[in-house]
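Asker: Have a look at this one before I ask anything.
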Amino acid sequence: MTPQGKLPPIVMAFTGASGAPYGVRLLQQLVASGRDVSLVLSAHGLRLLKTETDIDDVAGLRSAIGAAAWDNHVTVFDDADRGAGPASGSAKTGGMVICPCSMGTLASIAAGTSRSLVERAADVTLKERRPLVLVPRETPLSAIHLENMLRLTRAGAVILPASPGFYHRPASVAELVDFVVARILDHLGVENALAPRWGES
């Protein structure tokens, strides 16, 4: 915890992969749990957000999350600002999640290029041995994709594909989304009851 007894923020990024509804739901749940979020949206992430959810911009995302919760818990950073707080290892965080995570972003993190704030923040998260959760949604996967995922897994990242299960008999798309978001929250150490767990009624 921080000196004030508050948990450090979780860094979250949207990048240009299909799966924007997962990101929106994850952000809703993070702020609902009272966690502060350092949010970075790539240009392609914003484009996919509009395509898949009709959220046009940051103001629209704020409205979807809820203005009061957003203002209390979300700080937005420019993806072009590689000197922002999340780019420094001395800035305490509770880890980072990229949801959705494009294969281009995943490859850049695997190569350590740090060309944007998203990439640099992920690089910092790895070097500081903090949780890094990457949520790709791509199919099929090439040998290059798989090799990059293996490289990142060996470096300490969690590769958590947006692959919902069906044993809980989902009746809606929202329940499929919640299944994946619940697993992401688990890996970030955020308590949740979004989806039934195996063996529980």
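Asker: Mind counting the residues in the range 154-183 that are closer than 19 Å to Ser18 by Cβ and either in contact with a strand residue (DSSP E or B) (Cβ under 6 Å, 6 or more places away or on another chain) or among the polar types (S, T, N, Q) (or both)?
Answerer: The number of residues fulfilling the criteria is 6.
Asker: Now, a different point. Of all the residues that make up the range 122-170, how many are aliphatic (A, V, I, L, M) and part of a helix (DSSP H, G or I)?
Answerer: Matching residues across the range 122-170 total 10.
Asker: In the set Leu46, Leu27, which member is over 21 Å from His145 (Cα atoms), touching a Gly at 6+ places or on another chain (Cβ under 9 Å) and not acidic (Asp, Glu)?
Answerer: It is Leu46.
Asker: Which of the residues belonging to the range 162-201 are at pLDDT 95 or above and basic (Lys, Arg)?
Answerer: Arg183, the sole residue that qualifies.
Asker: Right, something else. Looking only at the range 152-173, which residues are over 19 Å from Gly95 (Cβ atoms) and surrounded by 11 or more Cβ atoms within 10 Å (Cβ to Cβ)?
Answerer: Initially, the range 152-173 is screened for residues over 19 Å from Gly95 (Cβ atoms), giving 163-173.
Within the range 152-173, Ser163, Pro164, Gly165, His168, Pro170 qualify.
Asker: Taking the range 20-32 as the search range and keeping residues that are of a type outside the set (A, V, I, L, M) and surrounded by fewer than 24 Cβ atoms within 10 Å (Cβ to Cβ), which one is farthest from Leu185 (Cα to Cα)?
Answerer: Checking each candidate, the answer is Pro21.
Asker: From the list Arg169, Arg151, Arg115, Arg129, exactly one residue is of a type in the set (Lys, Arg) and within 18 Å of the chain's Cα centre (by Cα). Which is it?
Answerer: Numbers: Arg169 fails: within 18 Å of the chain's Cα centre (by Cα); Arg151 fails: within 18 Å of the chain's Cα centre (by Cα); Arg115 fails: within 18 Å of the chain's Cα centre (by Cα).
The conditions single out Arg129.
Asker: Given Val58, Val124, Val133, which one is under 21 Å from Val180 (Cβ atoms) and either aliphatic (A, V, I, L, M) or out of contact with any Phe, Trp or Tyr (no Cβ under 7 Å at 6 or more places or on another chain) (or both)? So that I can check it myself, show each step before the final result.
Answerer: Numbers: Val58 fails: under 21 Å from Val180 (Cβ atoms); Val124 fails: under 21 Å from Val180 (Cβ atoms).
Of the residues listed, the single one that is under 21 Å from Val180 (Cβ atoms) and either aliphatic (A, V, I, L, M) or out of contact with any Phe, Trp or Tyr (no Cβ under 7 Å at 6 or more places or on another chain) (or both) is Val133.
Asker: Where the second residue is assigned to a loop (DSSP other than H, G, I, E, B) and at pLDDT below 95 and the first is within 12 Å of Arg197 (Cα to Cα) and hydroxyl-bearing (Ser, Thr, Tyr) and lies in the range 165-176, which pairs have Cβ atoms under 8 Å and are six or more apart or on separate chains?
Answerer: Tyr167/Trp198
The rows are residues; the columns are (1) touching a residue at least 24 places away in the same chain (Cβ under 8 Å); (2) buried (at least 19 other Cβ atoms within 10 Å of the Cβ); (3) under 13 Å from Cys99 (Cα atoms).
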{"position": "Gly34", "(1), (2), (3)": "yes, no, no"}
{"position": "Leu39", "(1), (2), (3)": "yes, yes, yes"}
{"position": "Ala43", "(1), (2), (3)": "yes, no, no"}
{"position": "Arg47", "(1), (2), (3)": "yes, no, no"}
{"position": "Ala59", "(1), (2), (3)": "no, no, no"}
{"position": "Gly66", "(1), (2), (3)": "yes, no, no"}
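Asker: Looking for whichever is in contact with a Pro (Cβ under 9 Å, 6 or more places away or on another chain) and either among the small types (Gly, Ala, Ser) or closer than 24 Å to Leu126 by Cα (or both) here; the options are Ala87, Ala17. Which one fits?
Answerer: Only one candidate qualifies: Ala17.
Asker: Which ones in the range 110-121 are over 14 Å from Gly16 (Cβ atoms) and in a helix (DSSP H, G or I)?
Answerer: Answer for the range 110-121, where residues must be over 14 Å from Gly16 (Cβ atoms) and in a helix (DSSP H, G or I): Ala110, Ala111, Leu117, Arg120, Ala121.
Asker: Can you confirm whether the range 99-122 contains a residue that is without any contact (Cβ under 8 Å) to a residue 24 or more places away in the chain and crowded, with 22+ Cβ neighbours inside 10 Å?
Answerer: So far as the range 99-122 goes, yes, one or more of its residues are without any contact (Cβ under 8 Å) to a residue 24 or more places away in the chain and crowded, with 22+ Cβ neighbours inside 10 Å.
The values are calculated or read from the model by the stated rules, or taken from the named source; none is laboratory data. Since we're looking at a predicted model, the values are computed, not measured. Cβ sites come from the backbone with ideal geometry, for glycine too, and all protein chains shown count toward neighbours.
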